[in-house]
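Since the structure comes first, as structure tokens, the remarks are kept for the end.
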Amino acid sequence: MQSLSLAIIAALFLSSCGIKTSNEPWRNPKVTVERRAEDLLRRLTLDEKLDLLSGDGWMSSHGIPRLGVPPIRMADGPVGIRSWAMPGAPDKPDAPQKVRATAFPAGIAMAATWNPDLVAKEARVIAQEALALGRNQVLGPTVNIARTPLAGRNFEGYGEDPWLTSRMGVAYIGALQAEGVIATVKHFAANNQETRRNTIDILVDQRTLEEIYLPAFRAAVEEAGVWSVMSAYNKVNGTWAAENPDLLNEILRKRWGFKGFVVSDWAGTHSTAPSVNAGLDLEMPGSSVMPALQDLFKNFPGGNPGFDGGYLAQAKLKAMVESGEIAEATFNESIRRILRVLISSGALDPKTLQPDPSAATPVVDSPDQRAVARAAADQSIVLLRNEQNLLPLDLQKFHTVALIGPNADINRVGGGGSSAVTPDYSWKPSDGIRERAAGKMQVTYALGATLEGEKESAPAAVLLKEATDLAARSDLAIVFVGFSAALEGEMADRKSLSLPAGQDDLIQAVARANKNTIVVINSGSPVDVSKWLAQVPAVVEAWYPGQEGGHAIADVLFGDFNPSGKLPITFPKSMADSFAPLDAAKGEYKEGIFVGYRHFDRKNTQPAFAFGHGLSYTTFDYSNLTVTPASPRYGQTVTVRVSVKNTGSRAGAEVVQVYIHDVKSSVERPVKELKAFQRVDLKPGEEQVVTMTLDRRSMWFYDPLVKDWAAEPGEFDVLVGASSRDIRLKGKFTLYE
Ligand code: BGC
């Protein structure tokens, strides 16, 4: 009786809010997700069900028009909302080519902030913009590990470390989904190069998969409750990722408890029954656009990329369901997963059922959103070198500055490919510097060199001479070098670690002409700095900084923002020092778990710049490290406390890093592994105690013998520092069984 009257009150309340209640459970937001999904499933005809497993066009699933169930409307991801029209397709009102949205820094740059809260802010803005533009699924985050410095898509992911990548991914997914937008963690799994990405077979042992390539996906499922996972293009150990039962059914679902749906990467499906039986739920794009897609890529310079599709379209799927090659229970389970996500994300509830086309101004590129993009760009910049404190620029000392290089008068917003966002405006470094230097410093500019693929405005020797003459006449030279979206992006790996297009020569020539030379790099992955590093006092890694690039670079150069970014990826001195020279012929991960700094530590090789490295305009002291309890049991949380003091004269932020070393183990383990970190803002002279925790994940390894995670009792070193090669304090604990 009481519950009945409560139901009436609830109904009255909802109707007074304009929300219609229904006695059909699937429509009722008060009913559990599972019951709603089950109820809706039972109302669907076979044809309606069949439709749900394949896309409708380029970026949409099929809805159920009879019941008013909307399709899932997708957009790339991960660093802002991209047009959902197929590249090259005609402009249409429902799929416009020219979609503008806030462009955030690349994933690698976001990782360099070591600030999950900022990543969450970024994802919240992306979600707001997605909804305002009528999309409710974002194809991101990318959490593939940067295995080789040359991988073309390193810029999109969060670097070489599984723990850092996990923290960033979890923050992104949590914030995006809190707004009711479906996150899609990608690409599952081992998509770590672009060369032959659509055909390559990645041969990787289980321990390496578990310890390096899967943790960020696992965290996405277990900690962030991600609603969607995108399968990778490649094969993993002989089987396409999109039809890999070990990955999709065993690991993702049975072991991690994933309840959402698996979507294929675009045209990365290769079969009907094996895919559905292995756990693929949604094939993208829809078969109707496959011919156009294949046409688009028929003259692709890298050869046929291997795009394939149309396998889960109605007729093919129907034949397999009717013949029993796909069991009805398996088929229904896929549908349930899609319905569950629609329901959990709120897509079936009246308020979000359809985006309101009459809503006032769409919430895209507002001042608040711009501010998040600027904070992200500021915090992402890494000060790699700063001899004699050349930076921040002293306006008393320097009255003329020459801006030089192919990346000075253009903002390299992002890397190339599906993640490229078109912002409303894009701030160039030259504009950022001119704006800041106005009335205080005379700013001049010379191109110096053109990047490959760009129109030569004059012969290379002429450009070089102009640049060096200008540098010689100026108090200071800033050389903006690196890559562009055409040179670093999806579908191709970089050819070499070196800067392209004669930029090494340009830097050296400018440095000879002016000893106060600063280098600013746009890249999504390490570059070879060996030819000129010793000749230039200051080097800044600006990544692909998003629409606010020019402002952020000026903020750092002039000291309006004290740099706090730290490298999420090792800069090797040369490719010969690196562990994984790109082997296009085979996908053998012979280096095993020794990826990134794990490799450099093992070989005791000095990198050019270590993982975790990044300078500040102030200095920090570390003291009073405590690790408690001293003798934990496995599963017990260990608390690490350390005092950090700003000992310089400027406010700044330090990223305190905690690495673990298992002193004695039955299998070879890395010399150190990042297991906790904390970014802390400190005023001059301020001291704070930073508290971080370690749980069993900090101690365990994947034991191939027992096919499970395990930790061995004994001593563990706790290494606390400002980078993986700048360990300031050492503590320990002894693990008991
Ligand atoms: C990429 C995905 C992307 C999809 C849709 C694929 O080529 O690998 O990351 O989400 O295209 O644009």
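The values are calculated or read from the model by the stated rules, or taken from the named source; none is laboratory data. Computed from a predicted structure; not experimentally measured. Using ideal geometry, Cβ is built from the backbone for each residue, glycine included, and neighbour counts are taken over all protein chains shown.
Tabulated data
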item: Region 179-232, subset among the charged types (D, E, K, R) and within 16 Å of the ligand (Cβ to nearest atom), residue nearest to GLY417 (Cα to Cα); result: GLU194
item: Residue count for region 233-262, restricted to those that are within 15 Å of the ligand (Cβ to nearest atom) and in a loop (DSSP other than H, G, I, E, B); result: 2
item: Matching entry among PRO65, PRO96, PRO116 (being away from the ligand (no atom under 16 Å from the Cβ), over 18 Å from the mean Cα position of the chain (by Cα) and surrounded by fewer than 24 Cβ atoms within 10 Å (Cβ to Cβ)); result: PRO65
item: Among residues of region 263-301, those that are out of contact with any Asp or Glu (no Cβ under 8 Å at 6 or more places or on another chain), within 13 Å of the ligand (Cβ to nearest atom) and part of a loop (DSSP other than H, G, I, E, B), counted; result: 5
item: Exclusive hit being under 25 Å from LEU150 (Cα atoms), touching a Lys or Arg at 6+ places or on another chain (Cβ under 7 Å) and modelled with pLDDT of 95 or more, set ALA552, ALA542, ALA538; result: ALA538
item: Breaking point among (1) in contact with a helix residue (DSSP H, G or I) (Cβ under 7 Å, 6 or more places away or on another chain); (2) farther than 26 Å from VAL527 by Cβ; (3) not aliphatic (A, V, I, L, M); (4) not in a loop (DSSP other than H, G, I, E, B), for GLY180; result: (4)
item: Residues of region 585-599 classified as surrounded by fewer than 22 Cβ atoms within 10 Å (Cβ to Cβ) and out of contact with any helix residue (DSSP H, G or I) (no Cβ under 7 Å at 6 or more places or on another chain), total; result: 4
item: Qualifying residue in region 229-245 (condition: more than 30 Å from PRO90 (Cα to Cα), out of contact with any helix residue (DSSP H, G or I) (no Cβ under 8 Å at 6 or more places or on another chain) and not hydrophobic (A, V, I, L, M, F, W, C)); result: yes
item: Helices (runs of 4 or more DSSP H) lying entirely in region 30-141 (those with 1 or more residues that are under 22 Å from GLY414 (Cβ atoms) and in contact with a Lys or Arg (Cβ under 7 Å, 6 or more places away or on another chain)); result: 107-112, 116-132
item: Residue among ASP577, ASP528, ASP555 that alone is charged (D, E, K, R), in contact with a helix residue (DSSP H, G or I) (Cβ under 9 Å, 6 or more places away or on another chain) and under 26 Å from VAL644 (Cα atoms); result: ASP555
item: Extreme residue, surrounded by the fewest Cβ atoms within 10 Å (Cβ to Cβ), among residues of region 182-235 that are farther than 17 Å from VAL263 by Cβ and among the β-branched types (Val, Ile, Thr); result: THR199
item: Where a residue in region 545-562 is at positive phi and its partner, wherever it lies, is β-branched (Val, Ile, Thr), with Cβ under 9 Å and at least six apart; result: GLY546/VAL79; GLY546/THR102; GLY546/VAL413; GLY546/VAL421
item: Scan of region 473-528 for residues that are within 16 Å of the ligand (Cβ to nearest atom) and either at pLDDT below 95 or in contact with a Ser or Thr (Cβ under 7 Å, 6 or more places away or on another chain) (or both), ordered by number; result: GLU488, GLU490, MET491, ALA492, ASP493
item: Candidate set: region 602-624, residues that are loosely packed, with under 15 Cβ neighbours inside 10 Å and in contact with a strand residue (DSSP E or B) (Cβ under 7 Å, 6 or more places away or on another chain); chosen: the one farthest from ASP726 (Cα to Cα); result: ASN624
item: Among the residues listed as LEU395, LEU403, the single one being in a loop (DSSP other than H, G, I, E, B) and away from the ligand (no atom under 16 Å from the Cβ); result: LEU395
item: Long-range neighbours under 7 Å by Cβ, at least six apart or interchain, first residue at positive phi within region 216-244, second assigned to a strand (DSSP E or B) and surrounded by fewer than 24 Cβ atoms within 10 Å (Cβ to Cβ); result: ASN237/LEU203; GLY238/ASP201
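Conditions (1) in contact (Cβ under 8 Å) with a residue 60 or more places away in the chain; (2) in the same structural domain as ASN562 (by TED's automatic domain parsing); (3) basic (Lys, Arg); (4) not in a loop (DSSP other than H, G, I, E, B), marked per residue:
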position	(1), (2), (3), (4)
LYS590	no, no, yes, no
VAL595	yes, no, no, no
ARG598	yes, no, yes, yes
VAL627	yes, no, no, yes
VAL644	no, no, no, yes
GLY648	no, no, no, no
LYS664	no, no, yes, no
